Amino acid sequence: MMTDTQIFSGAFAEPVFDAQAVFRTVMDCMARPGTIGTISAVAKPPQPLGAAAGAVALTLCDHDTPVWLTPQLAKSKLPGWLAFHTGATVTAEKQVARFAFVEKGGVVPGFDMFSQGTQEYPDRSTTLVIEVDGFDGGEPLALTGPGIRDEARIAPAGLPEAFVSLAQANRALFPRGIDLILVSGDEVVCLPRTTVIRNGEA
């Protein structure tokens, strides 16, 4: 069982180097949607959040980034862990959150429940980090748009059935809309709002 003292552990062994490495991986994946990147830095967040999502949180969250967590994550030791290692505070208001985390198997809220940014400041939107079962074996997705040559294909397992519809509605809001980071094991795939996502089945 996670104890209060364990809130203080589980961060990067080399905070600056590891955070820089994760940041580069995430930015490379944002620039090339659908590309599977590997997060080599080791983080051990409180369960049920996984290691890769924990590494993303340590890298991107700080005292200026309110974080929304699913009910399961919110009642874990994760809020204290985030506060201690990043300075980030947890908010119950999805529209306020700069980052949101959904554990594997957790219920993914509607994308429109989060901040979409504004026409003047589209960057003031939420980035949603979702843990999935893996990047194959799920519903095939075809990706097109900036950063993709012709077409990319992935088949993440563990996304909601309505994912394509949610993603298409999100894309229609451009330049507003949320960005997505999918994680599984030590792998990450980014789907920025610029990406056109459709069902990939022939």
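The values are calculated or read from the model by the stated rules, or taken from the named source; none is laboratory data. From a predicted model like this one, the values you see are computed outputs, not experimental measurements. No Cβ is skipped: glycine too gets one built from the backbone with ideal geometry, and neighbour counts run over all protein chains shown. For accessibility, only protein heavy atoms count, side chains too; no ligands or nucleic acids. Shrake-Rupley method; radii C 1.70, N 1.55, O 1.52, S 1.80 Å.
The computed Rg and Dmax of the Cα atoms in Å for the structure shown corresponds, within (i) 18.0, 55; (ii) 17.1, 53; (iii) 16.0, 52, to (iii).
Report the FRET efficiency, 1/(1 + (r/R0)^6), for residue 136 and residue 89, where r is their Cβ-Cβ distance and R0 is 41 Å, rounded to 0.05. If you can, show how the numbers build up before the last one.
Values: r = 36 Å, r/R0 = 0.88.
So, using R0 = 41 Å, E works out to roughly 0.70.
Calculated accessible area for the range 1-153 comes out at 51 Å² per residue, all protein chains present (probe 1.4 Å; ligands, DNA, RNA ignored). With a 1.4 Å probe and all protein chains left in place, how much of the accessible area of the chain comes from carbon and sulfur atoms, in whole percent? That fraction is 53 percent. Isolated cysteines in the chain, defined as those with no second cysteine Cβ under 4.7 Å, comprise 61. Projected label points at residue 42 and residue 168, each 7 Å from Cα along the beta carbon direction, are separated by 4.4 nanometres.
Starting with the highest mean, order 44-55, 72-83 by the number of other Cβ atoms within 10 Å, averaged over the residues of each peptide.
Values: 44-55: 22.4, 72-83: 19.5.
With the highest mean Cβ count within 10 Å placed first, the list reads 44-55, 72-83.
Using alpha carbons only, how many degrees (0 to 90, rounded to 10) separate the axis of helix 15-31 from the longest principal axis of the chain? Tilt relative to the chain: about 10 degrees.
Taking 22 Å as the straight-line reach from the Cα of residue 44, the lysines in range (excluding those fewer than 8 positions away in the same chain) are 75, 77, 104.
Mean sequence separation of contacting Cα pairs (under 8 Å, at least six apart), scaled by the length of the range 22-84, corresponds to a relative contact order of 31 percent.
If contacts are Cα pairs under 8 angstrom and at least 6 residues apart, what is the relative contact order of the chain in percent? Intermediate values should be presented prior to the final figure.
On the way: 457 pairs, mean separation 45.5, N = 202.
Relative contact order here is 23 percent.
Taking a ≥ b ≥ c as the square roots of the Cα gyration tensor eigenvalues, with a/c under 1.5 meaning rounded and otherwise prolate when a/b beats b/c, else oblate, which class fits the range 143-184? Because a/c hits 1.5 or more and a/b fails to exceed b/c, the range 143-184 counts as oblate.
A protection proxy built from the mean count of other Cβ atoms within 10 Å ranks the segments 102-113, 173-184, most packed first, as 173-184, 102-113.
When shorter helices are ignored and each DSSP H run of at least 4 residues is given -39500 (n - 2.57), the per-residue value for the chain at 222 nm works out to -7000 deg cm²/dmol.
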